[in-house]
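This report concerns only the one structure given below.
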Amino acid sequence: MKKILTLNDRMSPQKTGGKFEKQQIMAEKGLPVPRFFCLTGAFYEQAYTQVKDKVQAELDTIVFSDGQSIRAVSSHISAIFKTVVFSAEQENEILAEFDSFFTKETLVSVRSSMIGYRIEESEDSADNPFAGISESFLYVKREGLLEAIRGCWASGFSQEAIVYRHAQQMALTGFAVAVGVQEMVFGQRSFVMFTCDPNTASKDTVIISGYGIGEGVVQERVPVDHYFKNYATGAITRQIAQKTTKLTFDSEKGSGLTEKDVARAYHSVACLSDDEIETLARYGEKIESFFNHPQDIEGAFTEDGKLYFLQSRPVALDYSRQRVWTNANVTESFPGVTTALTYSFSRFFYRQIFYDGYRQMGWARKLLHDHQAVLDRMIGFIRGRIYYSLTSFYHLHSLNPLFPLFRGYWEKMMGFPSSYQTKPEGILAKIRQRAVFAPEAAWAASIIIYRYFTHQKAMENFYTWWEKLFGPLRGKTYENEDMLKSVDLFHKLWRQVGNNWGITLTNDTFLPMAYGITEALFKKWKLDKDPALLSDLLCGDEKITSVDIILNSVRLAEKVNSDKTLKKVFLNNNARAIWDKIEKNELNKAFCDAVRRYLHLYGDRGLQELKMEQPNMRHAPWELIKMVQGYAKSAVTAASLQVKEKDVRRKAEQRLYKALRFRPVRRFILNRLLNRVRILIRNRENSRYNRSELFGFSKNIFRGIGEQLAAKKILSSPVDIMHLSMDDIFGYIDGTGVTENLQALANIRKKEHEDNKSVETSVQITTLGPVRDNTLTAVCLQDDAPGVLKGMGSSTGRVSGIARVILDPTSAPEDTENMILVARETDPGWLFLMLAAKGLVVERGSMLSHTAITGRKFGIPTIVSLPGATTKIPDGANIEIDGASGVVCLLDN
């Protein structure tokens, strides 16, 4: 068996260690890797027999609580390895290999790679990188080669290696050492590149670069620049250091390293250009694809600009301890601090609907059962706020072999600031087993194709099913219902929900894909030169429930303006007084009936309506009256709103026709796609109101139980039920609970709820280990360029007005004249306030978020995804926004 291998031989982790196997693979794939040959672990084993007993004797004397003892033993073993004698045959074989690769004057690097007797204990494995522990010898001459090899072998027993192995409970001698002899690259600029951000688990490329050879960068001996390339957007950010020194070849000695000054002109100049960063990022993606794991890559640029890759190892990510959280999208539904009941109920909701969603996409019940624990943890509760557990979402989605096809579209729709790296199981594991992957992919593809072509019919069936199920329950209250019967009714309805709601998730799968393909064609065919064209073309759908809610409230205002008596009442009374008159039928009967009919149909709409603690219009009907009063004063009409939207769409279609006048096939393709996107958006918005009704029903159940528990003196107040979990409440009623003192629980959680209001949390959080052991509060944002902020334009138009920073829609200002609404996020309950605004600016969201859709629907210039907007834009400031480009300008007062 050969004990010295070259690039013409097959290297493996068992023979040469992961370090050199990866270098061979990169070289075979055409990447620039310096030439090398490798002494296998078997060569080491043969040499080790000479010193084995002496080494073991030294190891037996170690006192692991005594650092000096470990250092002394390591030093003694290093001296022992210097006594290893190469046979004439071995020496000749090594030097002959050197001479076949290099000239006698060539300087080489001699690097070690530890090979564990158990492969998972090997250096550069995903579990045990051993980073920086094994020895490397640089700028080695031919005559120093054998001594460097002995030094590499001895480094297996360095103080660091001994301590590491002992801490990991590995056998101190349970390894061999492979040694690579590689042509030395005289790096002028060196770098370390991570193909994912190890701090946040985002798939952003992180590059650290400095002058000189890589040892200076890796060992942090020289100042370095940091570069971050966002995986999702491609944006590059930089942190440029004052690079005053470099580590380089000691040309005076003719060997070894020395520290030298960097020329002053290069101190503050970026080590890497944008083109070089782009090139490295592309190579990084390739290398990661070779090894199916995020990589930590070392390399260098020589003086003539040539690029070399010197090493690639897995980024050490402890997936079992890592959790990635974001509220980038979920705050649209659950903004700010919420209660234990809202969280526990929402967790139940996500588990139910995703179980059905995955089932409808063809997942076997056994697979769903095996991942039930993950399904139960799709959202978390961090400092009183609901967060998506991206770890759970990516874990579950990746079980579908086609997830890579729609991953990017899904991430964009969700408004994530980047893509995230989670445990590479599921799809990647299956791809490596082609026999397993191919039939699974084919089955998944057939399910998706079937679902796509039958989707609209399925959605229509869903609406019919929902109306049949929910119609008799719409508006019903449960204060006088037996509590156990209420619990049984809840479960009865939710059993049906759990078998039917998944179709809405299928819609949310198709929507970002259809939109993404349409957007890509706009870019390919140069239609994106008109930045407002795509959003304008998505206007004009007449069948969206949330729009009907607005239009019908405006029609109520028209009734007020057409009746002198009503108009006088609405002008001279507050909303609660007007509602009292409606309740007592003291106003126009037809109008009172219209208001009641409106509340019956749309009463589950409200500010932050998915929060259990937040009353809907059904519970606070005077909120509707406030809106009607506002519309009556503005004299807006339903017809004018509809005409405006249709006009935007008509003009956009004219622009599209003009741009593609001589491209009928392209026009046909885009019109089909645009129609599909509009239908999918309609489905999404309409099913969202169905969701509001589902939450409204559940809210009524809990409110009814709260009233009864308060009447029985079990709770001090009906609202205290909001600080109990769903299991606390139902368990108390049906005998499965573990606590009878519900008020004590409520008191603890009420205090936490209030405390959480005084802290801010970040949009995205990566935690390691127990979540509460991590810092969960927000990091302050740095200011952007003075006077100019940039977000994502999502509804065309440019307007100027007065910024009204609103964090809580329930405390909105009465004077909304000339208002540009600035918020962290919005939910459907903000619609009334949004319609009163000239423009919208929100910190979160995406082109497919509710804010963006509403802006396009009503022709309101809208900017989403502008981080820190509520702190960077002063309340009352004069601002101008451009809904096409996403730019906000702060104007001089």
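The values are calculated or read from the model by the stated rules, or taken from the named source; none is laboratory data. Treat the numbers as computed from the prediction; the structure is a model and nothing was measured. All Cβ positions, glycine included, derive from the backbone under ideal geometry; neighbour counts span all protein chains shown. When the accessible area is computed, the model is the full protein with side chains, heavy atoms only, and any ligands, DNA or RNA have been set aside. Shrake-Rupley method; radii C 1.70, N 1.55, O 1.52, S 1.80 Å.
Okay, here's what the table says:
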| quantity | calculated |
| --- | --- |
| Residue count for segment 1-54, restricted to those that are in a helix (DSSP H, G or I) and of a type in the set (S, T, Y) | 3 |
| Close pairs (6 angstrom Cβ cut-off, 6 or more residues apart or separate chains): assigned to a helix (DSSP H, G or I) in segment 481-497, open to solvent by 40 Å² or more (accessible area, probe 1.4 Å) anywhere | V487/D734 |
| Residues within segment 818-839 that are of a type in the set (D, E) and either open to solvent by less than 10 Å² (accessible area, probe 1.4 Å) or at pLDDT 85 or above (or both), tallied | 1 |
| Criterion: modelled with pLDDT under 95 and either in a helix (DSSP H, G or I) or not polar (S, T, N, Q) (or both) - qualifying residue of E685, E693 | E685 |
| Breaking point among (1) touching a residue at least 12 places away in the same chain (Cβ under 8 Å); (2) open to solvent by 20 Å² or more (accessible area, probe 1.4 Å); (3) not aliphatic (A, V, I, L, M), for S698 | (2) |
| Any hit, segment 462-478, residues being in contact (Cβ under 8 Å) with a residue 12 or more places away in the chain, outside any loop (DSSP other than H, G, I, E, B), over 30 Å from D734 (Cβ atoms) and open to solvent by 40 Å² or more (accessible area, probe 1.4 Å) | yes |
| Helices (runs of 4 or more DSSP H) lying entirely in segment 55-172 (those with 1 or more residues that are under 46 Å from the mean Cα position of the chain (by Cα) and at pLDDT 95 or above) | 145-154 |
| Only one of I449, I503 that is exposed (fewer than 14 other Cβ atoms within 10 Å of the Cβ), under 28 Å from the mean Cα position of the chain (by Cα) and aliphatic (A, V, I, L, M) | I449 |
| Output for segment 624-663, where each listed residue is more than 30 Å from N572 (Cβ to Cβ) and open to solvent by 90 Å² or more (accessible area, probe 1.4 Å) | V643, K644, K646, R650, K651, Q654, Y657, K658, R661, F662, R663 |
| The lone exception for F668 - which of (1) surrounded by 13 or more Cβ atoms within 10 Å (Cβ to Cβ); (2) assigned to a helix (DSSP H, G or I) it fails | (1) |
| Test: I517 is β-branched (V, I, T), more than 23 Å from F858 (Cα to Cα) and either open to solvent by 20 Å² or more (accessible area, probe 1.4 Å) or assigned to a loop (DSSP other than H, G, I, E, B) (or both) | yes |
| Subset tally (residues that are in contact (Cβ under 8 Å) with a residue 60 or more places away in the chain and among the small types (G, A, S)) for segment 209-253 | 4 |
| Among (1) in contact with a helix residue (DSSP H, G or I) (Cβ under 9 Å, 6 or more places away or on another chain); (2) open to solvent by less than 30 Å² (accessible area, probe 1.4 Å); (3) farther than 30 Å from V217 by Cβ; (4) in contact (Cβ under 8 Å) with a residue 60 or more places away in the chain - the single one R359 does not satisfy | (2) |
| Selected residue (criterion: modelled with the lowest pLDDT) from residues of segment 790-817 that are surrounded by 23 or more Cβ atoms within 10 Å (Cβ to Cβ) and under 24 Å from V554 (Cα atoms) | T796 |
| Hits in segment 167-204 (condition: among the charged types (D, E, K, R) and either free of Cβ contacts under 8 Å to residues at least 24 places away in the same chain or open to solvent by less than 40 Å² (accessible area, probe 1.4 Å) (or both)) | R189, D197, K203, D204 |
| Filter result (open to solvent by less than 50 Å² (accessible area, probe 1.4 Å), under 20 Å from Q322 (Cα atoms) and not aliphatic (A, V, I, L, M)) within segment 382-408 | R385, Y387, Y388, S389, T391, S392, F393, Y394, H395, H397, S398 |
| Tally of residues being aromatic (F, W, Y), open to solvent by 30 Å² or more (accessible area, probe 1.4 Å) and in contact with a helix residue (DSSP H, G or I) (Cβ under 7 Å, 6 or more places away or on another chain) across segment 339-356 | 1 |
